Structures are given as C-alpha cells and as structure tokens.
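The values are calculated or read from the model by the stated rules, or taken from the named source; none is laboratory data. Since this is a predicted model, take the numbers as computed values, not measurements. Here Cβ is always computed from backbone atoms with ideal geometry, including for glycine, and neighbour counts include all displayed protein chains.
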Amino acid sequence: MSFPRGKIYDANIESRQLQENIPLLVYLPAAFSPSEKHSLIVVQDGKDYFQLGKLTRYADELIEQGLLEKTIIVATHYKDIPDRRKKYHPSGEENSSFMTFLGKELIPWIDQKYPTYTQREKRTLMGDSLAGTVSLRTAMHYPELFKNIILHSPYVNQEILNEVQTAPPSVQFKIYQVVGTEETVVKISNNRDFLTPNRELHQLFIEKGYETFYDEFNGGHSWKYWQPDVKRALQTMFS
C-alpha cells in the first residue's frame, strides 16, 4: 500500500560550539503546512535512520493512518567513525559541545525555520547505540527542552547510570528503550555487554518514576533488528 510521501531536504547550520558547519536532513510530512504547528523528532545517526531504519517511510504511513501527529524530523549525522565517537561517546572530545549544539543552537534554529511546538512534551530525541546515548544525555542536560526519548540499544556505562540516578526527581521523561538478547558480546564495541547495563538503566528509569516502555528483541546490535522496530517505536511514543 502506498502513502503520500513527505519531502526530505538538505540543510546546514554553522555551529559556534563545534566550530564547524553541520549538515542536516529535514523531513517535512506530505501534508506539511507552514500555518500549522508540528511535533519534532531530532534523530542522531540520522542518515542511518532514514536509509536503514526507514524512519520517514514509517512516518508517512502512520501520519496517513492518523496514528502519528504531523511531525517534522531533523537528522544529524556523523562525518566518519572517529567523528561519531568524538561527538557521541561520553568521553569524546566534542561530546559536551555537541550536546550544547543540540540544545542551544539546533533547537532555536529549528523553531525559527519551521512551525514546531515549543513544549517539551512535543519534542523527541532518538538514536541507536552511541547515538542513543548522546540523545539520552542531551535530554538529561536540557530537560526543559525534551521529554521524549527513543533508544535502540544505547551504549550504557557507569557514568550514564550515575547521571540518571542523580537527575532531579521533579523532571519526568517518557522513554522507549529496546535492546537485543544477543547483545551480551558486541564485537563492534570491543566485545562489550550491552544487555546487562541496559537492564540496569531500565530499572533506574522505573525507580525514577519515568513513563517507560522496555523490550528485549531476539537479535543483536545491528539495523537488521532495529529497522523492524522503528515503526513500533513511533507508534508507542506518540500513542
């Protein structure tokens, strides 16, 4: 079944924080109107989500079916693997600056360019693996901007667990989190165990009183398993 297709545009923003030009992909839904407000998803590993995760195709389908409100999706992406680590990893040299870029530069730029809601309840951060990690931490650093977080097999270490543990109890988040049962040894991450710390992170979310969806899929740390889940993530987060 075919659905009206939204449009994807190339854009870029000059970041003072990162001292570089950041390329973006911007998805506008098929029924986009500049006179109507839209929800917002900011996704890291954006090209992967667009191409491998079929994010915009699922958005087209769900919007047409009335299962997803009109939503603008803005995607950031890495230049290469070293750049990805610098920006996304908690110990990356540009990690703090990248989170500041998302909160202090990208969101104001989006709100100026596009008709988006400014309430945190209408903004979502999304990412897989390290991209999920930086999305989670950005929401924790800027809780006034973001309430919703979609996480596909995020990288979790003790630093991440500590940040969640010490987050102010007055701030609530809505979180969608999945991880694979085969992610006990992730070869692309030095054979790291992703499953156990993700379970610990989910338990912390429960203890903090966050609204959370958690599931363990039968599979490993790859788009082979994340891609079929993207549609459910959108349906669950925006239901």
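Here is the figure for the stretch 17-37: residues that are out of contact with any Gly (no Cβ under 8 Å at 6 or more places or on another chain) and within 27 Å of Ser97 (Cα to Cα) total 8. Leu136 meets the conditions (1) of a type in the set (A, V, I, L, M, F, W, C); (2) touching a Gly at 6+ places or on another chain (Cβ under 9 Å); (3) touching a residue at least 60 places away in the same chain (Cβ under 8 Å) in every case but one. The failed one is (3).
For residues in the stretch 224-234 being under 15 Å from the mean Cα position of the chain (by Cα) and in contact (Cβ under 8 Å) with a residue 24 or more places away in the chain, which is nearest to Gln177 (Cα to Cα)? Restricting to residues being under 15 Å from the mean Cα position of the chain (by Cα) and in contact (Cβ under 8 Å) with a residue 24 or more places away in the chain, the top hit is Ala233. Just wondering, is there one or more residues in the stretch 206-222 that are among the β-branched types (Val, Ile, Thr), surrounded by 17 or more Cβ atoms within 10 Å (Cβ to Cβ) and either at pLDDT below 95 or assigned to a loop (DSSP other than H, G, I, E, B) (or both)? Scanning the stretch 206-222 turns up no residue that is among the β-branched types (Val, Ile, Thr), surrounded by 17 or more Cβ atoms within 10 Å (Cβ to Cβ) and either at pLDDT below 95 or assigned to a loop (DSSP other than H, G, I, E, B) (or both).
Just one of the listed residues (Ile8, Ile73, Ile13) is assigned to a strand (DSSP E or B), exposed (fewer than 15 other Cβ atoms within 10 Å of the Cβ), among the aliphatic types (A, V, I, L, M) and modelled with pLDDT of 95 or more, and it is Ile8.
When restricted to residues that are among the hydrophobic types (A, V, I, L, M, F, W, C), surrounded by 15 or more Cβ atoms within 10 Å (Cβ to Cβ) and either part of a helix (DSSP H, G or I) or touching a residue at least 40 places away in the same chain (Cβ under 8 Å) (or both), the stretch 170-205 contains 6.
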